[in-house]
1. Examine the range 357-366 for a residue that is at pLDDT 90 or above and surrounded by 11 or more Cβ atoms within 10 Å (Cβ to Cβ), and state whether such a residue exists.
2. Would you check which residues across the range 114-144 are of a type in the set (Gly, Ala, Ser) and open to solvent by less than 70 Å² (accessible area, probe 1.4 Å) and list them?
3. Going by what's in this entry, would residue 324 be described as open to solvent by 40 Å² or more (accessible area, probe 1.4 Å), farther than 30 Å from residue 212 by Cα, under 34 Å from the mean Cα position of the chain (by Cα) and of a type in the set (Phe, Trp, Tyr)?
4. Taking the range 206-217 only, how many residues are open to solvent by 100 Å² or more (accessible area, probe 1.4 Å) and among the aliphatic types (A, V, I, L, M)?
5. Which residues, counting only those in the range 218-234, are more than 26 Å from the chain's Cα centre (by Cα) and either modelled with pLDDT under 65 or open to solvent by less than 100 Å² (accessible area, probe 1.4 Å) (or both)?
6. Would you confirm whether any residue within the range 341-348 is touching a residue at least 12 places away in the same chain (Cβ under 8 Å), open to solvent by less than 90 Å² (accessible area, probe 1.4 Å) and not hydrophobic (A, V, I, L, M, F, W, C)?
7. Report the residue count in the range 257-277 for those that are open to solvent by less than 50 Å² (accessible area, probe 1.4 Å) and modelled with pLDDT of 65 or more.
8. Of the residues in the range 278-321, how many are among the hydroxyl-bearing types (Ser, Thr, Tyr) and open to solvent by 40 Å² or more (accessible area, probe 1.4 Å)?
Amino acid sequence: MALRRLAQENSAASSPRSPAGPLPASPASGLGPTTPRSRLSNSYGFHRSPADTPSISSSVPFDWEAARSRQPPPFATPLKKSRKSVATGTTTTPRKAIVRKKGIFERIQNMPSAIAFEIALFPQNVPLPTPKTSARIIGGAIHVFHFLILARNDNEEGWDIVSGTNKSSWFDWTTPITLFLVLFSVFTTYNLATRTRSYKFHHRTDPLASPHAKFVVTNLDLEPLARPALGRRIRSNLWYSFLYFWRFLFGMQPPARPTLPKGKTSRVQELEVWEPSEMDLELFSIYSPAHAVLWLAMGSSSWLHSLVIMGIVGLQLNVLTHSYTQLLKDRQILASETMKEYNDGFVYPRINPIRKDVAVMTHQSEIVNVWED
């Protein structure tokens, strides 16, 4: 108790005199009236209040009202003469910047490097149309080829009938082109049907209720392999050095380094999800194998019926694919919005609560009187 009183008396003696509220001097110190040291000092000591110190747990909520009304910040950055602050609303003269332009000799000198850079980016730097536009251009061009082939065959048959000759053959230059177009429609359909993406379920033990799910063996180890012990690594390095020394003396090939243990293989489920591209869907709705067969079956007497059937088939496919694609997008929006509402309403308020430090303290005179025993 005596040491504590002595320390407090020394602290009071070292404080400056207070002209406003003098306190009686301690009989033990023999000095004049002094005042205790001010609490608002620059250092953060044990005598400071927790509310006056930087907190590591309190979080002040964002002031949305101030943001909506565009109020000026409480602590704005000092302005300079050449800048304009939007927050405080002060206007200053704008700075006149001087932009240096490249001369003609500098541009000619940089031309080879610019050309080399563009060649390195090819074909990513080519401004290609969108997938839907590309599919429509390709499908329209194929239909035009079919129409030209059909018109050419009709003209030749009519000229043969007028001239009285019948020299038409079952194989001419239009046959390979027609066969190529039919195979192209089959290829686009196959590419559309087989475009999938695989997903592996490492923590699912029950079989998935899907015909596209199957069990596969994978070597993907989610847990990293344990590193060998220090003694084992030392013994392995010593043995390798011993073999390398003797093989070097006898002129033999150096030994191979010991390989690391392979990852653990596990039997997991794999789900292949159909993921068609936008261009494949659009091209399939414009030119499918059904369109190719209708072009082959089209004649001089049934061309109207074939065109009507072709238009109905293309319209049905287009509406069906676009409607189902939009349905999938709407389901994704619903799922993401549901998770967002759940996080905003239940998860975030519990893991990031608004906290504020509150502290209560008393004056030192209410606890210990340094001038009385």
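The values are calculated or read from the model by the stated rules, or taken from the named source; none is laboratory data. Note that the structure is predicted; figures quoted are calculated from it, not measured. Cβ coordinates were reconstructed from backbone atoms using ideal geometry, including for glycine residues, and neighbour counts include every protein chain displayed. The area values use the complete protein model at the heavy-atom level, side chains included, leaving out ligands, DNA and RNA. Shrake-Rupley method; radii C 1.70, N 1.55, O 1.52, S 1.80 Å.
1. No; the residues of the range 357-366 include none that is at pLDDT 90 or above and surrounded by 11 or more Cβ atoms within 10 Å (Cβ to Cβ).
2. 114, 116, 134, 135, 139, 140, 141
3. The answer is no for residue 324.
4. Residues flagged as open to solvent by 100 Å² or more (accessible area, probe 1.4 Å) and among the aliphatic types (A, V, I, L, M) within the range 206-217 amount to 2.
5. 218, 225, 226, 228, 229, 231, 233, 234
6. no
7. The number of residues fulfilling the criteria is 7.
8. 2
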